[in-house]
2 protein chains.
Amino acid sequence: MSDQMQRIVLASRPDGAPTPENFRLETVEMPTPGDGEILVEVHYMSLDPYMRGRMDDAKSYAQPVPIGGLMEGGSVGKVIASNDPSFAVGDFAFGSFGWATHGVAHAKQCQKVDADAVPITASLGVLGMPGLTGWYGLNEIGQPKEGETLVVAAATGPVGSVVGQLAKAKGLRTVGIAGGSEKCEIATREFGFDVCLDHRAFDDAKSLRAALKEAAPNGIDIYYENVGGKVLDAVLPLMNPHGRIPLCGMIAWYNAGGLGANAEGAGLTAPRLWRTILVNFLTVRGFIISNHWNKLPQFLGEVAPMVADGRVKVKEDITEGLENAPQAFIEMLTGGNTGKAIVKVK
Amino acid sequence: MSDQMQRIVLASRPDGAPTPENFRLETVEMPTPGDGEILVEVHYMSLDPYMRGRMDDAKSYAQPVPIGGLMEGGSVGKVIASNDPSFAVGDFAFGSFGWATHGVAHAKQCQKVDADAVPITASLGVLGMPGLTGWYGLNEIGQPKEGETLVVAAATGPVGSVVGQLAKAKGLRTVGIAGGSEKCEIATREFGFDVCLDHRAFDDAKSLRAALKEAAPNGIDIYYENVGGKVLDAVLPLMNPHGRIPLCGMIAWYNAGGLGANAEGAGLTAPRLWRTILVNFLTVRGFIISNHWNKLPQFLGEVAPMVADGRVKVKEDITEGLENAPQAFIEMLTGGNTGKAIVKVK
């Protein structure tokens, strides 16, 4: 066993979209697990939009990554040393090991992954944080009812594709939004969306709205919000009375820096947003899934069988090599991936 | 009985703040009640901020008042003719009779008012629509818990004063916002607010926020939203995680016309508003009380005894004469009243 490992740290804070210079690959000493801890050799690492938020020094639900600090992230890998009886060497574990080839964590904060039941990458996507995010927001906040209409963007992404498939299974009309005709094709063919609109084909919120109006002739009851920007602007006036907006992300605005007048969709003013919520009796609720991990067993009980028998389909976009994680992350933020973004570390 | 009555119609749509020219006093024929209808001689008429919305020709939860049409509104008065067994001549009735000395309505759409139990004006304020609005938003959406902190603007108004008093009775810290030192004095002395801030004493959202931070040292759990604008801008960054925002009005923005860049508080951008909801896991829900009249018995059962024994105090601002309603309404929109705005029609 080597006594060194590699990791990627935050070299500097991005000014708008992240660039490769914001990251630095380092070789450091292999850590030693303490009491109750395990040492894991990471096999697959997850890339998720929330990581962009951690790169800024702004007040948020989580501490920012400090300059020089390890980039945060969830990974799955093999236990190579254990000081806790709940994990044996050779077990697979999911945990928050960051952007790194190896990591140490408290056994209690890790979850055992059954590598025989499902591909271990599922624990990063459809049966992990993104899947739970989609399931929780759709059901707990969205309160879907048969015959209603749901809209979700990033429809081929790990959250959007789960939201769309679960909503479809409940008898909703599902309208996806994605970037590019190829993704739209995947959304309807593989993920069963009734319609998918290519947001790149529309110059502004107004033209996108006209297309949405045709795609959702009975209006929109649930807008699962993960993008903000132009899509939100287009969707808002089409919301039905008593509509619900689970809000778990706003990727179009993550790179907006001060979120000022130059941000995409800034034509959408706060008074207009507020007024729409008021006059349509909308419910908007922000959430982060780390507050709701207690729902994991219920989620897995419902969705794991749907994955196993193919009712819920999975799509992954795997990049080889930790050193390529920054570039894959940068591309993901601009929609370069199709399916769950994962880095194969070993 | 005279065969004529007076009423006020919408002469023209306001461009920004309403002016006297937007209204016209007319003398018309007295209507005759049809089958199942009653004819009421109005004694007191309510003035409420929502009426401003009806004057615009914009999509909303309610139809706009047409040009030349009767201004909408709730009133209480004496039944002078009845074609329905549920009302006798001489009974008092609350109903939607508009800005008028007399009105006809279906008996089923009116409520009998017990003039011996409470002053009949209470049915327009604390025990009527504004009181129910405050009670419903506070309890159903706000979910108040002992020890939490609540902020409400228009703190001496009929909604704000009920919200503050009911929250205080549940053990919350209550911070009011009102226009002018006299109102602030009333808010703390009569309505029991722990603190009341005069928003006119602060030039911008930032300075108001600094004062709010002192007034709410543990942050804000419930922001009962009825104003928008500068107050919302000031409050937002102080919201605690999992905070709740019942949204029933935005009076600061009602006169904003297109709600564009010149609206007060337009420095508050949509991305910032959205981001705050996201990172603090806030729940925002718009509502209009006409969807929740079924809660009236529960509300009256809880609040009427509190009014009767003085736990909930009432303040009314009564203008004499239907012809003075437009001016009283215009002043109410700019905070000229203290307490529930009512017009004594007879």
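Numbers for the structure displayed
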| item | result |
| --- | --- |
| Total residues in segment A:125-136, condition of a type outside the set (Gly, Ala, Ser) and within 19 Å of residue A:309 (Cα to Cα) | 4 |
| Residues of segment A:303-346 classified as of a type outside the set (Gly, Ala, Ser), assigned to a loop (DSSP other than H, G, I, E, B) and within 15 Å of the chain's Cα centre (by Cα), total | 5 |
| Residue ID - nearest to the chain's Cα centre (by Cα), chosen from residues in segment A:118-143 that are in contact (Cβ under 8 Å) with a residue 12 or more places away in the chain and in a loop (DSSP other than H, G, I, E, B) | A:125 |
| Filter result (buried (at least 21 other Cβ atoms within 10 Å of the Cβ) and within 18 Å of residue B:220 (Cα to Cα)) within segment B:145-160 | B:148, B:149, B:150, B:151, B:152, B:153, B:154, B:155, B:160 |
| Among the residues listed as A:82, A:96, A:86, the single one being surrounded by fewer than 21 Cβ atoms within 10 Å (Cβ to Cβ), within 24 Å of residue A:226 (Cα to Cα) and more than 14 Å from every other protein chain (Cβ to nearest Cβ) | A:96 |
| Test: residue in segment B:54-76 that is in a loop (DSSP other than H, G, I, E, B) and either within 26 Å of residue B:116 (Cβ to Cβ) or in the same structural domain as residue B:252 (by TED's automatic domain parsing) (or both) | yes |
| Subset of segment B:282-312 (residues that are within 14 Å of chain A (Cβ to nearest Cβ) and loosely packed, with under 15 Cβ neighbours inside 10 Å) | B:290, B:291 |
| Every residue from segment A:313-330 that is modelled with pLDDT of 95 or more and either under 18 Å from residue A:226 (Cβ atoms) or open to solvent by less than 60 Å² (accessible area, probe 1.4 Å) (or both) | A:319, A:321, A:322, A:325, A:326, A:328, A:329, A:330 |
| Residues that are of a type in the set (Gly, Ala, Ser) and closer than 27 Å to residue B:228 by Cβ, drawn from segment B:17-68 | B:17, B:46, B:53, B:58, B:60, B:62 |
| Single unsatisfied condition, residue A:201 versus (1) within 30 Å of residue A:37 (Cα to Cα); (2) without any contact (Cβ under 8 Å) to a residue 24 or more places away in the chain; (3) not aromatic (Phe, Trp, Tyr) | (1) |
| Answer from B:162, B:113 - the residue that is closer than 17 Å to residue B:298 by Cα and assigned by TED's automatic domain parsing to the domain that holds residue B:77 | B:113 |
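Residues are listed down the side, and each one gets a yes or a no for (1) touching a Gly at 6+ places or on another chain (Cβ under 8 Å); (2) more than 24 Å from residue A:331 (Cα to Cα); (3) among the acidic types (Asp, Glu):
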| position | (1), (2), (3) |
| --- | --- |
| A:181 | no, no, no |
| A:184 | yes, no, no |
| A:195 | yes, yes, no |
| A:198 | yes, no, yes |
| A:207 | no, yes, no |
| A:211 | no, yes, no |
| A:238 | yes, yes, no |
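Every residue, every condition in (1) among the small types (Gly, Ala, Ser); (2) surrounded by fewer than 23 Cβ atoms within 10 Å (Cβ to Cβ), yes or no:
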| site | (1), (2) |
| --- | --- |
| B:176 | yes, no |
| B:185 | no, yes |
| B:193 | no, no |
| B:204 | no, yes |
| B:219 | yes, yes |
| B:224 | no, no |
| B:233 | no, no |
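The values are calculated or read from the model by the stated rules, or taken from the named source; none is laboratory data. Here the structure is a predicted model, which means the values were calculated and not measured. Positions of Cβ are generated from backbone atoms using ideal geometry, with glycine treated the same way; all protein chains shown enter the neighbour counts. We work out accessible area using only protein heavy atoms, side chains counted, and drop any ligands, DNA or RNA first. Shrake-Rupley method; radii C 1.70, N 1.55, O 1.52, S 1.80 Å.
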